[in-house]
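Before any comments, here is the structure.
Nothing in this text is a laboratory measurement; each read-out follows from the coordinates by a stated rule. What you are looking at is a predicted structure, and each value in this text was computed from that prediction instead of being measured. In this analysis, Cβ positions are derived from the backbone assuming ideal geometry, glycine residues included, and neighbour counts consider all displayed protein chains.
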Amino acid sequence: PGSGEEVSAPVVAIQHVRVTAVAPTLNYLFFDDGSSQIPDRYHSYSSITDTKNFDPSSLYKLNALGIHYEVLNIVGKRMQEKPTSKITITGARSIHSPGDSAAASDISLLRAEHAAKYLQDEWGIAPSRIRVKSRALPERASDESATTGQAENRRIEITTNTPSLLEPIETHRLERTATPPKISF
């Protein structure tokens, strides 16, 4: 029957489909020009008590960019679950963007230190498990002649001896669909 057509003996079918979504865990965190503070777009907790409620499986509600904004929380949670894991946070800067150029050359180190402090203070990760480094441009720098390249170079990079810390995020949800999608009584 066509849409809106009345059916005398309708058959209703409800289907439950388990949906698995996978999103990459990007090991970068990007900073604003001339700033070493973690930008507000990245979701952060204000206490170690609040982090107990973080559930990576609930991230299915977010798109890939939204999941990326949880990168420090994902790493913090995984480091809690894997107590022998260690990370290196390497801060970098753009050498041509106006704010980074005007800032002190230690802005790269400050970026890495702010990320390390967040993991220590809010996730309870021991300082001995986090190595902090800095450099001018990232090892694999983007094109500095473009503003997008400059923005990409204003970052920290997280590397680890435990590859599972940076594995893609796998989320699951149950979707229900009904046939027909609408019934009038």
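Axis angle, to the nearest 10 degrees, between helix 107-123 and the longest C-alpha principal axis of the chain: 50 degrees. Just so you know, the averaged projected area of the alpha carbon convex hull for the chain sits at 15.4 nm². Here the Kirkwood formula, the inverse mean of 1/r across different C-alpha pairs, assigns the stretch 122-185 a hydrodynamic radius of 17.2 Å. Measuring between their Cα centroids, the stretch 127-185 and the stretch 43-84 lie 12 Å from each other.
Between ARG176 and ALA136, what length in nm is gained on full extension when 0.36 nm per residue of separation is reduced by their alpha carbon distance? Present the calculation step by step, with values, prior to reporting the outcome.
Numbers: separation 40, 0.36 × 40 = 14.40 nm, distance 5.07 nm.
Length gained between ARG176 and ALA136: 9.3 nm.
Cross-link reach is defined here as a Cα-Cα straight distance under 24 Å, omitting same-chain residues fewer than 8 places apart; for LYS82 the lysines meeting it are LYS52, LYS117, LYS133. Magnitude of the charge dipole for the chain, about its Cα centre and with charges confined to Cβ atoms of Lys, Arg (+1) and Asp, Glu (-1), is about 560 debye.
Per-residue counts of other Cβ atoms within 10 Å, averaged by peptide: what ranking do you get for 116-124, 45-53, highest first?
Most protected by this proxy first, the peptides run 116-124, 45-53.
Working note: 222 nm ellipticity from helices only, DSSP H runs with n ≥ 4, each -39,500 (n - 2.57), summed and divided by the residues of the chain, gives -7000 deg cm²/dmol to the nearest 500.
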